[in-house]
Structure formats: C-alpha cells, structure tokens
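Encoded as structure tokens, the structure appears first; notes follow it.
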Amino acid sequence: MTTNQATRIAAAHPTAAAGPLRLFLALDAAVTAANGLIYLLAAEPVGDLLGLERGFLRGIGAFLAVYGVLVAALAARPLPPSAATKAVIEVNILWALASIAAVVFGWLDADTAGTVWIPLQALVVAAFAALQFSALRKAHR
C-alpha cells in the first residue's frame, strides 16, 4: 500500500486512522494507573527502595491513578479529540521535564535506586508523548 492510499483510507475512515493513537493512549493509561496504584498502595516498601517519602509517593500515586483513568477514558473514544490528546501530550512532557529537573536540582532526597528510577520513568513518559504526538498527527490529517 502506498502512502497516498493509506492517507485516502485514513481520511475515509478516521476511526481506523486513530487506532495507533488509541493504542498509545491506552498503554500510557495502563502504565500510569499501575504505577500510581503501586505508589499509592505500596508506599512504604517503594519509599524504602527508592529513598522517597511515603506521603510524597501516596500523593503522586493518587494523581497518577486518577490521571491514568482519565487517559483510559480518552483512549476509549473512537477518535480521541485533538485538544484532549494534546493536553495529555503536554502533561507527559511536563512530567518528564519535571522528573529530570528533580534529579538534576536535587529536589527529592532519593537514594541511588531512586536517582536511577526517576529518569528512567521520565524516558518512558517522554516516549509515550512522542508516540502520541506522531499518532495524533496521522489520525487528524
């Protein structure tokens, strides 16, 4: 199939073109909500492992769990709205940048495991943002 044929099919069937976007949003939602629930429900052992305060982890966990559910609701739409998807991308970019800044500027008193974990999860979040941005452009042509 040529690029022109794919573009014509996507224009004729916008929900089909939204498949990759919906997939990347759904994966983001699952990873985010799972991470949030782990932080929320296992704050003590995770805090010990990463050298982070339990209250901080519970707060972040609650935010991530709710955010994951909202992203899942967006992913469930046949054609996720452009504005809402852009908001998710922007939040993901801000999260990744803030995570890196937290390590670089020492805003968190994380131990070695936490200092490694924080940028790694930031890379995952940034990758979701990049995948979602690319898929959004293709879905809303």
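Taking θ = phi - 60°, what integer Hz values does the Karplus form 6.51 cos²θ - 1.76 cosθ + 1.60 yield along the range 80-85, in sequence order, with x for Gly and Pro?
Values per residue, Gly and Pro as x: x, x, 4, 4, 5, 5 Hz.
In whole Hz, what ³J(HN,Hα) sequence does the range 30-39 give by Karplus (6.51, -1.76, 1.60; θ = phi - 60°), x for Gly and Pro?
5, 5, 5, 5, 5, 4, x, 5, 5, 4
Along each principal axis of its Cα atoms, how long is the chain end to end? Whole angstroms, biggest number first, please.
Its Cα atoms span 54, 27, 23 Å along the three principal axes.
Helix 3-12 sits at what angle to the longest principal axis of the chain, using alpha carbons and giving 0 to 90 degrees rounded to 10?
90 degrees
Starting from the alpha-carbon convex hull of the range 66-141, give the projected area averaged over all orientations, in nm². Walk me through the numbers before you get to the answer.
Values: hull surface 22.0 nm².
Quarter of the Cα hull surface area: 5.5 nm².
What longest region of the chain stays clear of chymotrypsin sites (Phe, Trp or Tyr not before Pro) that DSSP places outside H, G, I, E and B and that have at most 13 other Cβ atoms within 10 Å?
The longest such stretch corresponds to 1-104.
Classify the range 35-107 as rounded, prolate or oblate from the Cα gyration tensor: take a ≥ b ≥ c as the square roots of its eigenvalues, call it rounded if a/c is under 1.5, otherwise prolate when a/b beats b/c and oblate if not.
oblate
Rule-based calculations on the coordinates, nothing more; no lab input. Predicted model only: the values in this text are computed from it and were never measured. Positions of Cβ are generated from backbone atoms using ideal geometry, with glycine treated the same way; all protein chains shown enter the neighbour counts.
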